[in-house]
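Engineer: One structure follows; several queries about it will come next.
The values are calculated or read from the model by the stated rules, or taken from the named source; none is laboratory data. None of these values were measured; they are calculated from a predicted model. Heads up, the Cβs are rebuilt from the backbone with ideal geometry, glycines too, and the neighbour counts pull from every protein chain shown.
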Amino acid sequence: MSFRNRIRASRPTSLRTQLLSRSLLVLALLLVLIGALQYVLMKNALFRNQAEALSLQVRSIPVEMWEPDRVQHNRPSVPNYDAHAGMPRQEDRPLLFLPNMSLAKIATNGSYTDLASDNGLSAPQLAAEAYTSILEQFKERRPVPYEVIDDAHGTEQIVVFRPYGSPNSPSGILQLGMDTQPLHAVLLRQLLIFAALALLAMAGGVALYLPLLRRTLNPLSRMVETVERTDAGNLAERFPAMQGQQEIDRLAQSFNGMLNRLEGAFEAEREAKEQMQRFIADASHELRTPLTSIHGFLEVLGRGAADNKDQLHAALSSMHGESKRMKKLVEDLLLLAKLDRKPELHLQDTRLDRLLLEMEPHLRMLAQGRNVTIQAAAVLCRCDPDKIKQVIYNLFHNAVQHTDSDTGRITVTVDKTKDHAVLRVSDNGAGISKEHLPHLFERFYRIDESRTRQHGGAGLGLSITQSIMNAHGGQMSVDSTVNQGTVFRAEWPGIIP
């Protein structure tokens, strides 16, 4: 990095300063361009007007100034007339005072005579080809533009031309010139006036622009202050969406969207952290119960109960039951981990009514005397039949756990909507209060801790069911009324017409 770049990097300028400096730079460039254009246009106008004035003035010059023969014809008896020279003497020529001007006569033969060198400027001289061209233009009655040339002393003059003699056959050209210094003085004065006015305009613009710029950037300053106050613990503050400036409004909307996403991400992270903590605690608690039971039976057996056949059989039977419970918990946890990571579905075209009829004997056996009704419409969909079986089993097993063995009624229905397969499992159990409904599909969540310790599993069945539905692109829902019963609804896309 160069030294200049390091200086810029170490000393960043404010947006207000950059806008002001760049605006002034643009304004200065515009004023310079306007001044240059004004100078060129004014110079052309001044020179053109002066050329027109010189053209009128050259027509008013007496003829005696360039036609000595007329002077000789009109004044033959004048004593001072020089007959040998053929011209009036120098002291008898008409005097024409032309301040800061020059006058010259160019004959058709190319002779050049400076007529005002004694009391005016030295006349500049063009090339012979230039005068020939000018004479041809006069013969063709074409306008001849003025010229700006330097004389022998380096003085710049504006010169105009006029033919003399016969209009159809001019005898020569009169050239009248004028020093351009007064014209340049006028241009310089106008340029200085414009520069002074431009500086005043820039100063007035700065005085007016600074408050407007400060007011314009106030919304951005407020946004900066708000962003500085924003941290992980304060993501609820939002920017006004309508501040009268399109760019600021778009920036505010972008910031609000970013804050919404950050707030959602922090909230999801917080919930995930709490869920993970709760999950670890619940899993540890669930695993500790069978391990403690097995450890207790082993201690009993180690103290001599192994010698008693009845105590040995009871201890082994209890240990076997606890190990099965622990094995089921570990399998459920592994299944949830697979479903969370990347569920592997073996999709097939499946008739749900036939699938439910295959499961009917096993479901009635699980019901243990409860009244079971199965209503299955002919529904063909694309799904993983083994996973759908697990969903039906989990929902049915949950209904069995929460209904009475004598008066319980469980209804399993398979139907379809326009493009979704629908599975409903309803019961007439005790129902679930509204405060528990949002948490039913959370892992290890229990409504009655004391009851589910002795009846049912670890609270993972509904979580597994929801994960399977999510893998199919579907969803779970529940509707329950206390003392009337509960209806679980699972639906997923994939209907085959």
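Engineer: Look through ILE106, ILE134, ILE158 and report the one residue that is outside any loop (DSSP other than H, G, I, E, B), without any contact (Cβ under 8 Å) to a residue 40 or more places away in the chain and surrounded by 15 or more Cβ atoms within 10 Å (Cβ to Cβ). Quick ask: steps written out before the conclusion?
Structural biologist: Values: ILE106 fails: without any contact (Cβ under 8 Å) to a residue 40 or more places away in the chain; ILE158 fails: without any contact (Cβ under 8 Å) to a residue 40 or more places away in the chain.
Only one candidate qualifies: ILE134.
Engineer: Continuing with this model, one more query. Of the residues LEU336, LEU355, which single one is of a type in the set (A, V, I, L, M), at pLDDT 75 or above, touching a helix residue (DSSP H, G or I) at 6+ places or on another chain (Cβ under 7 Å) and under 30 Å from ARG382 (Cβ atoms)?
Structural biologist: Step by step, each of LEU336, LEU355 is checked, and only LEU355 is of a type in the set (A, V, I, L, M), at pLDDT 75 or above, touching a helix residue (DSSP H, G or I) at 6+ places or on another chain (Cβ under 7 Å) and under 30 Å from ARG382 (Cβ atoms).
Engineer: Of (1) assigned to a helix (DSSP H, G or I); (2) modelled with pLDDT of 90 or more, VAL412 satisfies all except one. Which?
Structural biologist: Unmet for VAL412, out of (1) assigned to a helix (DSSP H, G or I); (2) modelled with pLDDT of 90 or more: (1).
Engineer: Can you pull out every residue in the stretch 122-153 that is among the β-branched types (Val, Ile, Thr) and within 23 Å of ASN49 (Cα to Cα)? Give the derivation first.
Structural biologist: First, pick out the residues of the stretch 122-153 that are among the β-branched types (Val, Ile, Thr): 132, 134, 144, 148-149.
Selection gives ILE134, VAL144, VAL148, ILE149.
Engineer: When you go through (1) part of a helix (DSSP H, G or I); (2) surrounded by fewer than 14 Cβ atoms within 10 Å (Cβ to Cβ); (3) of a type in the set (S, T, N, Q) one by one for ASN398, which number turns out not to apply?
Structural biologist: Failed condition: (2).
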